[in-house]
Amino acid sequence: MKDLFGKAILDFQTNNSPEDLITETSISEADEMNVAYLFRSYDEMPKLEQKALQLAKGKVLDVGCGAGSHSLTLQNDRNLEVISIDISPNAIQACELRGLKNGKVQDIMTLENEKFDTILLLMNGTGIFGTLKETPNYLQKLKSLLYPNGQILIDSSDIIYMFDQDEDGAYEIPANGYYGELTFTVSYKNETEDTFPWLYLDYNTLQNAAFANGLQCELILEGEHFDYLARLSI
């Protein structure tokens, strides 16, 4: 991976001529994303993210922390102990420059010998699962990192609205595989990243997967556009 998301984040943090990221999925056209969005303050965050940060407690793991905005809110405004992980070395470097104390380059699936009260997966947190088939592996891993009374706060969207409807109002979704399984492509400064799988889970599918893996699942808040925040617990 060329770590283009991370490069854009670090460029913005160091004022190194940042440009918009170009994102494209298997079901949507190329779209420009202003990197500044990843540096938003608590007041600028969507209500789902604000709610997740309000519910965070104890020792927190922020998975896929990106530019670190969620972690910094918890560290600086809530005085919580936060471990922030991302597979992007550039993103973690930017987080450290922003004053984040405990950022590390880490894949969640290789994190061992740690327990947390709260695990955060925000900005379509189910994305890192990649596919529906891989979801149980990730849920089992997350479960293993929780203290007995711990919680996983995760958000996603039901993207069925992105598909056409027939005359009867039924959505024309692909017959093979789950409709929330996308491939994602990122371009930055005329460099194109390798495509990678990215998963959007509707709430019922997440709930079924959670139950099947010994986790409780609770709908905390629904957003304005098919998005939601859920809490998983043991």
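The values are calculated or read from the model by the stated rules, or taken from the named source; none is laboratory data. Bear in mind that the values here come from a model prediction, so they are computed numbers and not experimental data. Counting neighbours? That spans all protein chains shown, and the Cβs are built from the backbone with ideal geometry, glycine included. Keep in mind that these areas ignore ligands, DNA and RNA; they rest on the heavy atoms of the full protein, side chains included. Shrake-Rupley method; radii C 1.70, N 1.55, O 1.52, S 1.80 Å.
Can you give the % of DSSP beta bridges in segment 2-107 that are antiparallel, to the nearest 5?
Of the beta bridges lying entirely in segment 2-107, close to 35 percent run antiparallel.
When the dipole is taken about the Cα centre of segment 36-136, and only Lys, Arg (+1) and Asp, Glu (-1) are charged at their Cβ, what size is it in debye, to the nearest 20?
180 debye
Kirkwood Rh and Cα-based Rg: tell me the resulting Rg over Rh for segment 60-141, rounded to two decimals.
A ratio of 0.96.
How large is the helix-only mean residue ellipticity at 222 nm for the chain, computed as the sum of -39500 (n - 2.57) over DSSP H runs with n ≥ 4, divided by its residue count, in deg cm²/dmol to the nearest 500?
That comes out to -6000 deg cm²/dmol.
Suppose accessible area is computed on protein heavy atoms with a 1.4 Å probe; arrange Arg78, Arg98, Arg40 from highest to lowest.
Order by accessible area, largest first: Arg78, Arg98, Arg40.
Averaged per residue, what accessible surface does segment 157-234 expose to a 1.4 Å probe, in Å²?
Per residue, segment 157-234 has an accessible area of 57 Å².
Take every DSSP beta bridge with both residues inside the chain and express the antiparallel ones as a percent of the total, to the nearest 5.
65 percent
Per 0.36 nm of contour for each residue apart, how much would the distance between Asn79 and Asn16 grow if the chain were fully extended, relative to their Cα-Cα spacing?
Value of the extension gain: 19.6 nm.
Top to bottom by accessible area (1.4 Å), largest first, where do Lys141, Lys47 land?
Output order, biggest surface exposure first: Lys47, Lys141.
Along each of its three principal axes, how wide is the spread of alpha-carbon positions in the chain, in whole angstrom units, largest first?
Sorted from largest, the Cα extents of the chain read 54, 47, 32 Å.
How large is the Kirkwood hydrodynamic radius of segment 1-113, counting all unique pairs of alpha carbons, in Å?
14.8 Å
Could you check how much of the accessible area of the chain is carbon and sulfur, as a whole percent, using a 1.4 Å probe?
Here carbon and sulfur together make up 45 percent of the probe-accessible area.
How do Met33, Met123 stack up against each other in accessible area, from largest to smallest, with a 1.4 angstrom probe?
Met123, Met33
Using only Cα atoms, figure out Rg for segment 87-195 and give it as a multiple of 2.2 N^0.38 Å.
Normalised Rg, Cα atoms only: 1.36.
Starting from the Cα of Lys2, draw a straight line to each of the aspartates and glutamates and keep only those under 18 Å, dropping any in the same chain fewer than 8 residues away.
Asp11, Glu19, Asp20, Glu24, Asp86, Asp107, Glu191, Glu193, Asp194
Quick one: if you take sqrt(5λ) for each eigenvalue of the C-alpha gyration tensor of segment 134-180, what semi-axes come out, biggest first, whole angstrom?
Over the Cα atoms of segment 134-180, the ellipsoid semi-axes are 34, 13, 6 Å.
Report the Cα centroid-to-centroid distance between segment 195-227 and segment 110-127 in angstrom, as an integer.
Between the Cα centre of segment 195-227 and that of segment 110-127, the gap is 15 Å.
I'd like the GluC sites (Glu not before Pro) in segment 131-176 restricted to DSSP loop residues with at most 12 other Cβ atoms within 10 Å, sorted by number.
Glu167, Glu172
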